[in-house]
Amino acid sequence: MARGDGMLSHDLLPGEKGPQDSCGVFGVFAPGEEVAKLTYYGLYALQHRGQEAAGIAASDGEQILVYKDMGLVSQVFDESALSSLTGHIAIGHARYSTTGGSIWSNAQPTLGPRPDGTVALAHNGNLVNTGELVEMLRERHGDAGPGKGEISRGNTTDTALVTALLDTDAPLGEALRDLMPHLRGAYCFTLMDETTLYAARDPQGIRPLVLGRLERGWVVASETAALDICGASFVREVAPGEMITIDAQGLRTEQVLEPHPKGCVFEYVYLARPDTEIAGRSVNASRVEMGRRLAREHPVEADLVIPTPESGTPAAIGYAQESGIPYGQGMVKNSYVGRTFIQPSQTIRQLGIRLKLNPLKEVIAGKRLVVIDDSIVRGNTQRQVVRMLREAGAAEVHVRISSPPVQWPCYYGIDFATRAELVANGLDVPEIARSLGADSLGFISEDGMIAATEQPRSALCTACFSGQYPVPLPDPSALGKSVLEARRSEQRGGRAGSSAAPAPTPVPASAAPAPHAATTPADRPVPAATSQETASA
């Protein structure tokens with residue numbers, strides 16, 4: 001599918017899912033501004049981080065309205081929807097599922113009751129102790145605890161658990177401060193009640209979160225590119241373990257947990273937009289430098305360096321600069337390929353990658369090619385690329401990858417394949433090259449990749465390459481996207497591991513789409529899904 005920044009993800013083959021980040025989050029406190037529209041454009045800039053669902057919550061100081069649905073940001077929202085989300089505080093979310101399936105009831109922001117009002121929460125990351133959090137909820141509220149709030153309406157995400165755990169007698173800021181030490185894994189939160197915007201980040205700072213300044217307010221977002229698109233100036237990163245509070249009295253910060261920085265190195269390799277900065281380092285510059293180092297580590301005699309559009313482009317530029325081999329465009333992508341719910345026919349499916357990429361035969365015929373990509377997961381996409389280039393007349397195809405072999409799954413917010421499906425897990429480099437049909441294959445070293453980020457090794461998480469996880473993991477049975485669905489099935493006497501979840505309640509097709517409303521302080525159900533939501537789900 002097309003990434004939100006115009007880049008193609010690894011999902012170039014029908015049914016071939018590549019690495020995906022969990023989500024993008026956004027929050028704004030700006031009296032006098034159209035906060036829903038600012039949030040819309042912020043999410044538009046973060047679309048590459050999640051393409052399954054999108055939502056915005058807004059408050060006018062009296063009540064919170066939430067509008068969310070399955071699909072891309074541009075598919076979920078229109079002028080009518082945004083105009084209904086009035087107020088001076090808003091949070092937004094673009095989702096890719098890592099805990100809880102891709103269903104309407106798991107879309108965010110989540111909404112939950114509190115004694116003094118309502119809380120809306122958006123989450124980027126993935127918690128690894130969801131089982132402990134379920135028991136914590138049960139200890140607080142008895143057997144009814146795990147059925148509170150959106151959980152009772154079919155939500156099976158760790159985000160819904162956190163939202164339910166914030167329902168305490170303490171003010172929301174205190175409740176969040178008290179809860180943070182109990183959360184293990186990766187989390188970047190933007191959350192709000194009727195009057196205040198909050199942001200929080202896990203003590204490892206695994207996922208990025210930044211703070212920006214508007215003329216009349218403040219913005220928090222997953223990436224600096226989202227600040228740029230809404231006209232906010234970059235102030236700083238939210239520190240690992242920090243909680244930020246923004247209300248009519250201004251901005252206040254608190255270092256809740258001792259920081260132990262372990263930023264995800266894969267943000268530099270692939271996940272973040274190239275026009276984003278992380279820890280003061282340009283993502284684009286990091287990727288170009290990875291290409292240069294890759295050329296030094298794995299040189300080859302060739303006639304042309306080409307990227308796998310578009311994710312391999314910066315590294316390909318760096319490889320060409322360092323090697324002296326000309327850079328060229330050897331493949332053209334369909335610029336209008338987006339998320340589609342229409343499955344290709346068998347005839348189209350057999351064309352494979354040509355649905356989204358096509359070779360420039362006059363450029364590559366008879367040439368010795370160096371093909372640059374950012375990572376190999378299963379290897380199916382690269383295998384199709386090599387075959388397509390050979391059919392177009394390439395004399396040689398040398399594959400170079402600007403990250404080390406992916407050998408371990410991520411439990412902190414990237415949805416990789418299982419370890420058994422990772423091609424680098426069972427094969428050495430020459431065997432992978434033969435599997436791809438390439439004349440040669442080279443991966444950048446872990447040291448080379450880290451050096452390109454200009455970050456100290458001690459401040460980066462490299463678990464997907466090294467198997468060294470910075471946050472201890474529970475038993476494997478307590479991990480995975482469907483862990484909460486499995487617990488629910490066991491409690492109901494169903495088959496463990498089932499990923500089934502209740503679908504939204506259908507309503508007549510004539511029902512007009514409307515945002516969800518929350519009033520305080522009653523724990524009343526969110527209205528049933530509208531016709532728009534039902535159709536999309």
Query raised in the report: With respect to Leu227, is the statement that it is in contact with a Gly (Cβ under 9 Å, 6 or more places away or on another chain) and either crowded, with 24+ Cβ neighbours inside 10 Å or modelled with pLDDT under 95 (or both) true?
Result: yes
**Report entry** Selection status of Ala392, surrounded by 15 or more Cβ atoms within 10 Å (Cβ to Cβ), more than 21 Å from Ala452 (Cα to Cα) and at pLDDT below 95
**Finding:** no
Query raised in the report: Which condition number does His260 fail, the rest of (1) outside any strand (DSSP E or B); (2) surrounded by 24 or more Cβ atoms within 10 Å (Cβ to Cβ) being met?
Result: (2)
**Report entry** Enumeration of residues in region 444-457 that are assigned to a loop (DSSP other than H, G, I, E, B), surrounded by 17 or more Cβ atoms within 10 Å (Cβ to Cβ) and either more than 23 Å from the chain's Cα centre (by Cα) or modelled with pLDDT under 95 (or both)
**Finding:** Ile444
Query raised in the report: Of Ala90, Ala107, Ala120, which residue is within 23 Å of the chain's Cα centre (by Cα), at pLDDT below 95 and of a type in the set (A, V, I, L, M)?
Result: Ala107
Query raised in the report: Only one residue in Val423, Val429 is under 29 Å from Gly50 (Cβ atoms) and among the aliphatic types (A, V, I, L, M). Which one?
Result: Val423
Query - Residue that is farthest from Ala433 (Cα to Cα), among those in region 271-293 that are open to solvent by 10 Å² or more (accessible area, probe 1.4 Å) and among the hydrophobic types (A, V, I, L, M, F, W, C) - result: Ala279
**Report entry** Residue satisfying all of: in region 343-372; of a type in the set (Val, Ile, Thr) and surrounded by 15 or more Cβ atoms within 10 Å (Cβ to Cβ); modelled with the lowest pLDDT among these
**Finding:** Ile353
Query raised in the report: If you scan region 81-91, which residues turn out to be touching a residue at least 60 places away in the same chain (Cβ under 8 Å) and either part of a helix (DSSP H, G or I) or more than 25 Å from His48 (Cβ to Cβ) (or both)?
Result: Ala81, Ser84, His88, Ile89
Requested in this report: Counting only residues that are open to solvent by 10 Å² or more (accessible area, probe 1.4 Å), give me the helices (runs of 4 or more DSSP H) lying completely in region 123-201 with at least 3 of them.
Outcome: 130-141, 172-179
Report summary line: Of the candidates Leu460, Leu422, Leu427, Leu441, the one satisfying the condition of being over 25 Å from Arg207 (Cβ atoms) and either of a type in the set (Gly, Ala, Ser) or surrounded by 16 or more Cβ atoms within 10 Å (Cβ to Cβ) (or both) is Leu441
Requested in this report: Looking at (1) more than 30 Å from Glu223 (Cβ to Cβ); (2) touching a helix residue (DSSP H, G or I) at 6+ places or on another chain (Cβ under 6 Å), find the lone condition where Ile151 falls short.
Outcome: (1)
Requested in this report: Look at region 71-122 and say how many of its residues are of a type in the set (D, E, K, R) and either within 21 Å of Leu227 (Cα to Cα) or open to solvent by less than 10 Å² (accessible area, probe 1.4 Å) (or both).
Outcome: 2
Query raised in the report: Looking only at residues in region 45-61 that are surrounded by fewer than 22 Cβ atoms within 10 Å (Cβ to Cβ) and at pLDDT 95 or above, which one is farthest from Leu227 (Cα to Cα)?
Result: Gly61
Report task. Quick one: in region 269-321, of everything that is in a loop (DSSP other than H, G, I, E, B) and among the aliphatic types (A, V, I, L, M), which residue is nearest to Ala221 (Cα to Cα)? Result -> Ala272
Query raised in the report: Is it the case that Arg207 is closer than 20 Å to His48 by Cβ, among the charged types (D, E, K, R) and at pLDDT 95 or above?
Result: yes
Report task. Please determine, by comparing only the residues of region 294-338 that are among the small types (Gly, Ala, Ser) and open to solvent by 60 Å² or more (accessible area, probe 1.4 Å), which one is modelled with the lowest pLDDT. Result -> Ser335
Query - Enumeration of residues in region 230-253 that are open to solvent by less than 60 Å² (accessible area, probe 1.4 Å), hydrophobic (A, V, I, L, M, F, W, C) and either assigned to a strand (DSSP E or B) or within 19 Å of Pro31 (Cα to Cα) (or both) - result: Cys230, Ala232, Met243, Ile244, Ile246, Leu251
**Report entry** Residue within region 273-291 that is in contact with a Ser or Thr (Cβ under 7 Å, 6 or more places away or on another chain) and acidic (Asp, Glu) present
**Finding:** yes
**Report entry** Qualifying helices (runs of 4 or more DSSP H) (wholly inside region 351-441; at least 2 residues being within 26 Å of Pro474 (Cα to Cα))
**Finding:** 423-426
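The values are calculated or read from the model by the stated rules, or taken from the named source; none is laboratory data. This one's a predicted model, so the numbers in the text were calculated from it and none came from an experiment. Note that we place each Cβ from the backbone using ideal geometry, even for glycine, and neighbour counts take in every protein chain shown. Note: accessible area is taken over every heavy atom of the protein model, side chains too, but ligands, DNA and RNA are not part of it. Shrake-Rupley method; radii C 1.70, N 1.55, O 1.52, S 1.80 Å.
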